[in-house]
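K.L.:
Have a look at this one.
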Amino acid sequence: MTWEAVIGLEVHARLLTESKLFCGCATSFGAAPNTHVCPVCLAYPGALPVLNRRAVELAIRMAIATDCEVQPRSVFARKNYFYPDLPKGYQISQFERPIGTGGHVENGGMTVRLTRIHIEEDAGKLMHESDRSLVDLNRAGTPLIEIVSEPDLRSASDAAAYFTRLRQILMYTGACDGNMEEGSLRCDANVSLRRPGAPLGTRSEVKNVNSFRYLARAIEFEIERQTAILESGGKIVQETRLFDPAAGETRSMRTKEESHDYRYFPDPDLLTLEIEQSWIESIRGTVPLLPRQRIARYQQDYAISAGDAEVLTADRGIADFFEATAAEAANAKSAANWVRNEVLRVLNDRKTELADYRVTPAMLGRLIRLIDSGAIGGKAAKEVFDEMSESGDQPETIVEKKGLSQVSDPAAIRDAALLVLERNPAQVEQYRAGKIQIFGFLVGQLMKEMRGRANAEMANQVIRELLESPRA
Amino acid sequence: MISGSIDESLRTIRENDGRIHAFLHVAKHDVPAIQPADSFPVAIKDNLVTTDMPTTCGSRILGEFYSPFDATAVARLRAAGGVIVGKTNLDEFAMGSSTEHSAFGVTRNPWDDTRVAGGSSGGSAAAVAAGMVPVALGSETGGSVRQPAAFCGIVGVKPTYGRVSRNGLVAFASSLDQIGVFSRRVAESAELLAIIAGHDPLDSTSSRVLVDDYRDGIDSGVSGLRVGIVGEAIRDLKGEVRANFDAAVEVYRRGGAKVETAHVPSIGYSIAVYYIIANAEASTNLSRFDGIRYGHRSARARTLGEIYFDSRGEGFGPEVKRRIMLGTFALSSGYYDAYYGRAQKVRAKLRADFATAFKQFDILLTPTTPEPAFRIGEKVSDPLSMYLSDIFTAPANLAGIPAMAVPSGFSSEGLPLSLQIMAPHFQEKVMFRAAQFFENETAYWRATT
């Protein structure tokens, strides 16, 4: 009989606010140590916390995006423990009454239920040297949300996919920048095994999993470790384990007996957080369409393939770029091709962020219009696109400057075609003798003669007519 | 109306504080600074942070700590002409009723220097009573302004919770703490409170209710005022404290007040509830004193654990340690519901009982303390008996209502006795009017000058 893995994730996401959760200090990453600090986040005597409204707004936005119920009343609590990166000796978090409850995230074909979303403050950072440890409190007090899932995941790949999906939603809503290298997104995994259909087994909690790959590896390791214990008749100990990315394994941090009693209680320095329905509704208006909704719409309204829709919606910026391009071009199919093939290629080749990209949806949309109206040909369009990406010039300007506008005048094409046939009598003879493969060569000569500007369709048609018709 | 010369205040402190020991720091104003006409000297309890003097909270754990900011109340005082002549003694972190728990020695009662000045704001009370300053700030958690005011024969006011910003008040029990004022005359306290009261964006629990003009109509008497005597509080009260209280009630009756017995059935649980909630909150409020960022760090600490254990072990006094342990226990897993959770329920009941009583009454009266100032050393080894000093005062902190102590005469030994007036939330104005009436009719304050 096999073992079934039961996995739930606790994801910590740093909220994209300008200032910290309970004081006015900046949240920026990478500043010199202890430069973004004040009496509040240093826990000086007499300093009091004042809640950041923007942080609450972003938490609500994420709650709405995951179909959580936003609680009209939630409570901040103190989580008490001593550590040098925790200036107050307690973390302000939410415990019994979180801001969001319930909710779910669609993950491929399956639904992962959410237990809760709550707001809390981050701790500072320790830097250990050989003979001393240093404390940097720049990060202390930056706002986080913790998103806790039900144990609905069954494999390492499920978990990694769910984490990816959650990150995508966090970034779509603007709640979090999703930057895992800078620690904006962190994950703990609860893993247990059971016989299918049996009650939940004893779990271990794996901490410090900061990439999709590590998450999958950590869970795989845990499943193997627990399986080995259970197969040999042993018992799983409830404990907290730390993932070591270098070794690719988890190690015991502390068992349940050694765990802290955090002595949670409502923080008397803060009032009950009361959220009016009207505020929730106005925030609801700022929640963008999510990937899942966009994929459905792209397939339905634009007849775009599921695969293309997935690629186009992976990043909200790209999806927005595509939608704006499609609107400008009045040709979603073509917009999808350009964005998927060309825009993403350029961004990737140049390691450029969309925000710094010189081509706007309006420019790309007009380029597509130029193609659709026959003003330029496909080959010229590529040239215009590359030039736009390079210089940021408008497509019309580039067409003008480079003389790339397409010739669709039948008389001009016919004149040029006659010239080509006259110069290549041998090939004409071969064609007429039945070697029809030579057709392509003659069209190519015509395009060359017209420096690529001939309307390709018309060029084909004219050459065929001249070859098929009685000798002129 | 609050007036006094800064130089004279400093001189009086120099002359008398060797005996009283009301001050932990005295400002260095040796060369008389030119002060604006409306300036006045004021003493500040040393758990309010100031940029120009250290803040010790009466504890060794803070070392020579200077705050980078002024408490909001201090900043408002300075803006209104208050000149801080010194910072006053207190029980360590305001935990106590006698200042005997100060790490820097006891404050003596100006009426009898073998007796305590009360606490925890004993230094501020003694400084006003001894004429060193006209007014002073203290802080309350369970009676730490009213009880020393009573012991020292002066006026002491604890405003409604949220009336004065707690920003810069070093926290003892956040849901109970409130800055209060001392003076010899009722009107001075009204004026001082008006200066420091009002909403502060730096304290989430500070109220947006507008501050009344406390002195408007303060002399209009008590005719028709509905005065309740808290029956449960005085039921077992005997002796001269009872006689003094009855006489005080009679003053109101003569003034035309409608005096009746009021009922606050849950008031008897106040001390038990208070010491659970206050210590629970204190146990975590004091976690920030960890020897990491400021304050005392043990010289012998080598490891992280030693920094915590030794710094806190050396820095905190025995009463603070006792309360941290009691509070930690009350919040512990498995005990939370039985202690902290239940205490919160009883506290809600107490609030409701007061709300019901205030439907019938404009103010409620009790004595401020069950006895006059006790002798130094008398209770210091008996914490429970010390805790009972708060029996009449703690209910107002738990309910968040305003309350004040007004001098009401003297014991046979010549020690001050005191009347407590309580009022509904944000009804300081009626409380001051009732107190002013009592002061006008009795003038016990004269004996203090």
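The values are calculated or read from the model by the stated rules, or taken from the named source; none is laboratory data. If you're wondering where the values come from, they're calculated on a predicted model, not measured in any experiment. Neighbour counts run over all protein chains shown; Cβ positions are idealised from the backbone, glycine included. These area figures cover heavy atoms from the full protein model, side chains too; ligands, DNA and RNA do not enter into them. Shrake-Rupley method; radii C 1.70, N 1.55, O 1.52, S 1.80 Å.
K.L.:
Can you find even one residue in region B:321-334 that is modelled with pLDDT of 95 or more, in contact with a strand residue (DSSP E or B) (Cβ under 7 Å, 6 or more places away or on another chain) and outside the structural domain of B:Phe437 (by TED's automatic domain parsing)?
P.N.:
Yes, region B:321-334 contains a residue that is modelled with pLDDT of 95 or more, in contact with a strand residue (DSSP E or B) (Cβ under 7 Å, 6 or more places away or on another chain) and outside the structural domain of B:Phe437 (by TED's automatic domain parsing).
K.L.:
Mind listing whichever residues of region A:241-272 are surrounded by fewer than 18 Cβ atoms within 10 Å (Cβ to Cβ), touching a residue at least 12 places away in the same chain (Cβ under 8 Å) and either away from every other protein chain (no Cβ under 14 Å) or closer than 22 Å to A:Met62 by Cβ (or both)?
P.N.:
Selection gives A:Leu242, A:Pro245, A:Gly248, A:Glu249, A:Ser252, A:Met253, A:Arg254, A:Thr255, A:Thr272.
K.L.:
More than 14 Å from every other protein chain (Cβ to nearest Cβ), touching a Phe, Trp or Tyr at 6+ places or on another chain (Cβ under 7 Å) and in contact (Cβ under 8 Å) with a residue 24 or more places away in the chain: does that describe B:Gly221?
P.N.:
So B:Gly221 passes the test.
K.L.:
Let me ask another. Which of (1) in contact with a strand residue (DSSP E or B) (Cβ under 8 Å, 6 or more places away or on another chain); (2) within 27 Å of B:Asp353 (Cα to Cα); (3) among the aliphatic types (A, V, I, L, M); (4) open to solvent by less than 10 Å² (accessible area, probe 1.4 Å) is the odd one out, the single condition B:Ala373 does not satisfy?
P.N.:
(2)
Rundown of residues vs (1) of a type outside the set (A, V, I, L, M); (2) in the same structural domain as A:Lys79 (by TED's automatic domain parsing); (3) in a helix (DSSP H, G or I), yes/no style:
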{"position": "A:Leu144", "(1), (2), (3)": "no, yes, no"}
{"position": "A:Phe163", "(1), (2), (3)": "yes, yes, yes"}
{"position": "A:Met171", "(1), (2), (3)": "no, yes, yes"}
{"position": "A:Cys176", "(1), (2), (3)": "yes, yes, no"}
{"position": "A:Asn179", "(1), (2), (3)": "yes, yes, no"}
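K.L.:
Moving on. Check region B:111-121 and report whether any residue there is within 14 Å of another protein chain (Cβ to nearest Cβ) and under 15 Å from the mean Cα position of the chain (by Cα).
P.N.:
no
K.L.:
Sort through A:Val70, A:Val50, A:Val56 and tell me the only one that's more than 31 Å from the chain's Cα centre (by Cα) and of a type in the set (Val, Ile, Thr).
P.N.:
Result: A:Val50 is the single residue among A:Val70, A:Val50, A:Val56 that is more than 31 Å from the chain's Cα centre (by Cα) and of a type in the set (Val, Ile, Thr).
K.L.:
Of the conditions (1) touching a Pro at 6+ places or on another chain (Cβ under 7 Å); (2) in contact (Cβ under 8 Å) with a residue 60 or more places away in the chain; (3) within 14 Å of chain B (Cβ to nearest Cβ), A:Val50 fails just one. Which one is it?
P.N.:
(2)
K.L.:
Which residues, counting only those in region A:173-206, are on the phi > 0 side of the Ramachandran plot and in contact with a strand residue (DSSP E or B) (Cβ under 9 Å, 6 or more places away or on another chain)?
P.N.:
Selection gives A:Gly178, A:Gly183, A:Gly197.
K.L.:
Taking only region A:2-27 into account, find how many residues are hydroxyl-bearing (Ser, Thr, Tyr) and not assigned by TED's automatic domain parsing to the domain that holds A:Ala43.
P.N.:
Of the residues in region A:2-27, 1 are hydroxyl-bearing (Ser, Thr, Tyr) and not assigned by TED's automatic domain parsing to the domain that holds A:Ala43.
K.L.:
Okay, next question. Looking at B:Ser389, B:Ser381, B:Ser412 in this structure, which one is without any contact (Cβ under 8 Å) to a residue 60 or more places away in the chain and farther than 22 Å from B:Gly162 by Cα?
P.N.:
B:Ser381
K.L.:
For region B:278-307, enumerate the residues that are more than 9 Å from every other protein chain (Cβ to nearest Cβ), within 20 Å of B:Val346 (Cα to Cα) and of a type outside the set (Gly, Ala, Ser).
P.N.:
Answer for region B:278-307, where residues must be more than 9 Å from every other protein chain (Cβ to nearest Cβ), within 20 Å of B:Val346 (Cα to Cα) and of a type outside the set (Gly, Ala, Ser): just B:Asn279.
K.L.:
Checking the condition in contact with a helix residue (DSSP H, G or I) (Cβ under 7 Å, 6 or more places away or on another chain), small (Gly, Ala, Ser) and surrounded by fewer than 24 Cβ atoms within 10 Å (Cβ to Cβ), which residue from B:Ser139, B:Ser204, B:Ser175, B:Ser121 passes?
P.N.:
Testing whether each residue is in contact with a helix residue (DSSP H, G or I) (Cβ under 7 Å, 6 or more places away or on another chain), small (Gly, Ala, Ser) and surrounded by fewer than 24 Cβ atoms within 10 Å (Cβ to Cβ) leaves just B:Ser175.
K.L.:
Can you name every one of the helices (runs of 4 or more DSSP H) wholly within region A:364-426 that holds 2 or more residues which are touching a residue at least 24 places away in the same chain (Cβ under 8 Å) and open to solvent by 30 Å² or more (accessible area, probe 1.4 Å)?
P.N.:
A:378-391, A:410-423
K.L.:
While we're here: Are any residues in region A:13-44 touching a Leu at 6+ places or on another chain (Cβ under 6 Å) and away from chain B (no Cβ under 12 Å), and if so, which ones?
P.N.:
A:Ala13, A:Arg14, A:Leu15
K.L.:
Let me ask something else about it. Mind checking which residues of region B:196-236 are of a type in the set (Val, Ile, Thr), within 24 Å of the chain's Cα centre (by Cα) and assigned to a loop (DSSP other than H, G, I, E, B)?
P.N.:
Hits for region B:196-236 are B:Thr205, B:Val209, B:Val211, B:Ile218.
K.L.:
Here's something else I'd like to know. Here is a check on your reading of the model: is B:Arg375 among the basic types (Lys, Arg) and not assigned by TED's automatic domain parsing to the domain that holds B:Ser408?
P.N.:
Here the answer is no, as B:Arg375 does not meet what is asked.
K.L.:
Kindly provide the set of residues from region A:130-147 that are away from every other protein chain (no Cβ under 14 Å) and surrounded by fewer than 18 Cβ atoms within 10 Å (Cβ to Cβ), ordered by number.
P.N.:
Listed by number, the list holds a single entry, A:Ser130.
K.L.:
Take the residues of region B:330-344 that are closer than 12 Å to A:Phe265 by Cα and open to solvent by less than 10 Å² (accessible area, probe 1.4 Å): which is farthest from the other protein chains (Cβ to nearest Cβ)?
P.N.:
So the residue we want is B:Ala330.
K.L.:
Given the condition open to solvent by 20 Å² or more (accessible area, probe 1.4 Å), outside the structural domain of A:Gly392 (by TED's automatic domain parsing), modelled with pLDDT of 90 or more and closer than 30 Å to B:Asn397 by Cβ, answer yes or no: does some residue in region A:278-299 qualify?
P.N.:
Checked against the condition, which is being open to solvent by 20 Å² or more (accessible area, probe 1.4 Å), outside the structural domain of A:Gly392 (by TED's automatic domain parsing), modelled with pLDDT of 90 or more and closer than 30 Å to B:Asn397 by Cβ, region A:278-299 yields no hits at all.
K.L.:
When you look at B:Ala129, is it within 14 Å of chain A (Cβ to nearest Cβ), crowded, with 24+ Cβ neighbours inside 10 Å and under 17 Å from the mean Cα position of the chain (by Cα), yes or no?
P.N.:
no
K.L.:
Next up: For region B:392-409, name all the residues that are in contact (Cβ under 8 Å) with a residue 60 or more places away in the chain and assigned to a helix (DSSP H, G or I).
P.N.:
B:Ala394, B:Pro395, B:Ala396, B:Asn397, B:Leu398
K.L.:
Could you grab me the full set of residues in region B:298-320 that are free of Cβ contacts under 8 Å to residues at least 24 places away in the same chain and among the small types (Gly, Ala, Ser)?
P.N.:
Result: B:Ser298, B:Ala299, B:Ala301, B:Gly305, B:Gly313.
K.L.:
Name the single residue that is farthest from the other protein chains (Cβ to nearest Cβ) among those in region B:183-197 being open to solvent by less than 10 Å² (accessible area, probe 1.4 Å) and out of contact with any Asp or Glu (no Cβ under 9 Å at 6 or more places or on another chain).
P.N.:
For region B:183-197, the residue satisfying everything is B:Ser189.
K.L.:
Follow-up. Do the conditions hold for B:Ser270, that is, is it in the same structural domain as B:Phe289 (by TED's automatic domain parsing), closer than 26 Å to B:Gly96 by Cβ and part of a helix (DSSP H, G or I)?
P.N.:
Considered against the rule, which asks whether it is in the same structural domain as B:Phe289 (by TED's automatic domain parsing), closer than 26 Å to B:Gly96 by Cβ and part of a helix (DSSP H, G or I), B:Ser270 comes out as yes.
K.L.:
Same structure again: Among the residues of region B:67-82 satisfying the criterion of being open to solvent by 30 Å² or more (accessible area, probe 1.4 Å) and part of a helix (DSSP H, G or I), which is farthest from the other protein chains (Cβ to nearest Cβ)?
P.N.:
So, considering only residues that are open to solvent by 30 Å² or more (accessible area, probe 1.4 Å) and part of a helix (DSSP H, G or I), the one farthest from the other protein chains (Cβ to nearest Cβ) is B:Ala79.
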